[in-house]
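Read the structure below first, then the notes.
All of the numbers you see were taken from the coordinates with simple rules; none came from a lab. Every value quoted in this text rests on a predicted model; they were computed, and no experiment measured them. Glycine also receives a Cβ, built like all others from the backbone with ideal geometry; neighbour counts cover every protein chain displayed.
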Amino acid sequence: MHAALIAAGLYSLAVGPVNTFFLDSSDGCVLIDAGFPSSAEKILQAIQELGKQPKDVRHIILTHAHPDHIGSFAALKKATGADAYMHPLDAPIAIAGTGFRRLYPAPGLFSHIAIRALALAAQSVEPASIEHEVRDGDVLPIAGGLTAIHVPGHCAGQIALLWPQHGGVLFAVDTCANMMGLGLSIGYEDLEEGKRSLKKLAQLDFQIACFGHGKPIMRNASSQFRAKWG
Ligand SMILES: [Zn+2]
Ligand SMILES: [Zn+2]
């Protein structure tokens with residue numbers, strides 16, 4: 001697995017069907033999400049190929065407590081010694097390593113199949129501690145400032161992140177996906193709430209959008225969000 005450059009200082013590290021992201025910052029590198037269980041070696045190898053050491057990763061931001069996003073969190077935390085950040089509604093799940101929220105498939109056959117595969121992937125993950133609770137509107141003083149946006153619906157404690165570089169980079173994570181074009185995520189705890197969160201994101205301005213699943217949108221991403229969910 002190799003790191004893929006999205007924009008200067010921003011890489012996606014895909015581990016199977018899920019993306020994690022790496023921000024190369026002089027005040028300490030940032031990892032956004034931690035992939036499925038048993039992904040730590042691949043993620044660390046990709047980081048090393050970028051000329052960084054595990055200890056250069058000072059911050060791990062977990063966007064929500066699904067096993068494909070926190071699966072290798074404990075192993076990555078051990079290897080890096082990084083501080084962890086998460087919304088208080090989802091932090092207890094990462095700290096316990098179990099108790100994942102129920103996910104209901106979005107409309108469509110693919111969603112039904114994918115949800116089943118995700119449910120079988122892991123019932124529990126290795127637990128680890130969270131140092132910082134992140135709430136809606138918090139500006140994390142890392143990588144030049146990352147604004148957290150609480151976006152429940154897919155998962156009650158999910159946060160998106162807005163990075164004011166390159167004309168705005170939105171980490172939309174699993175609020176939606178860009179698998180077969182921009183569309184809904186495979187599942188939601190509460191679809192109507194998920195749509196309200198997408199409307200909230202559609203009011204922001206950003207050039208680039210990054211997703212937990214699928215390729216990034218590299219230009220005029222917020223106008224695509226507005227066209228769909230504004
Ligand atoms: Zn998810
Ligand atoms: Zn996911």
What's the center-to-center distance, using Cα atoms, between region 129-177 and region 55-125 in Å? 15
Förster radius 45 Å - calculated FRET efficiency between residue 199 and residue 124 (Cβ-Cβ, nearest 0.05): 0.85
Pop a pseudo-label 7 angstrom from the Cα along the beta-carbon direction at both residue 49 and residue 102 and give the gap in nm to one decimal. 4.1
If amide hydrogens are placed 1.01 Å from N in the peptide plane, which non-local residues have theirs closer than 5 Å to the one on residue 15? 20
Could you give the nm distance between label points at residue 1 and residue 139, where each point is 7 Å from its Cα heading toward the beta carbon? 3.3
Region 169-185 - phi-based ³J(HN,Hα) in whole Hz, Karplus 6.51/-1.76/1.60, Gly and Pro as x: 10, 9, 8, 7, 6, 9, 5, 8, 8, 10, 8, 10, x, 5, x, 5, 5
Three-way shape label, the chain, alpha-carbon gyration tensor, a/c 1.5: rounded
Report, in debye and to the nearest 20, how large the dipole of the chain comes out about its Cα centre when Lys and Arg carry +1 and Asp and Glu carry -1 on their Cβ. 500
Integer Hz, Karplus 6.51/-1.76/1.60 couplings in order for region 120-132, x for Gly and Pro: 7, 5, 6, 8, 8, 9, 5, x, 7, 7, 10, 8, 10
Please work out whether region 90-173 counts as rounded, prolate or oblate from its C-alpha gyration tensor, where a ≥ b ≥ c are the square roots of the eigenvalues and a/c under 1.5 means rounded, while otherwise a/b larger than b/c means prolate and anything else oblate? oblate
Residues with amide H under 5 Å of residue 136's amide H, sequence separation 5 or more or different chain, H placed in the peptide plane at 1.01 Å from N; which? 150
Sort 105-118, 61-74 for me by packing, meaning the mean count of neighbouring Cβ atoms within 10 Å per residue, highest on top. 61-74, 105-118
Determine the relative contact order of region 3-229: mean sequence separation of Cα pairs under 8 Å and six or more apart, normalised by residue count, in whole percent. 16
Three-way shape label, region 1-100, alpha-carbon gyration tensor, a/c 1.5: prolate
Using the charge dipole of region 1-124 (Lys, Arg: +1 at Cβ; Asp, Glu: -1 at Cβ; taken about the Cα centre), state which of 54, 115, 88 has its Cα farthest towards the positive end. 115
Of 189, 126, 49, which has the largest mean-square fluctuation in a 10 Å C-alpha GNM of the chain? 49
FRET E, pair residue 27, residue 192, Förster distance 41 Å, beta-carbon r, rounded to 0.05: 0.55
J(HN,Hα) series, region 66-76, from Karplus relation 6.51 cos²θ - 1.76 cosθ + 1.60, nearest Hz, glycine and proline x: 9, x, 7, 10, 10, x, 10, 4, 4, 5, 6
Stretched fully, the stretch from residue 179 through residue 227 gains (0.36 nm per residue minus C-alpha distance, one decimal, in nm) 15.5 nm
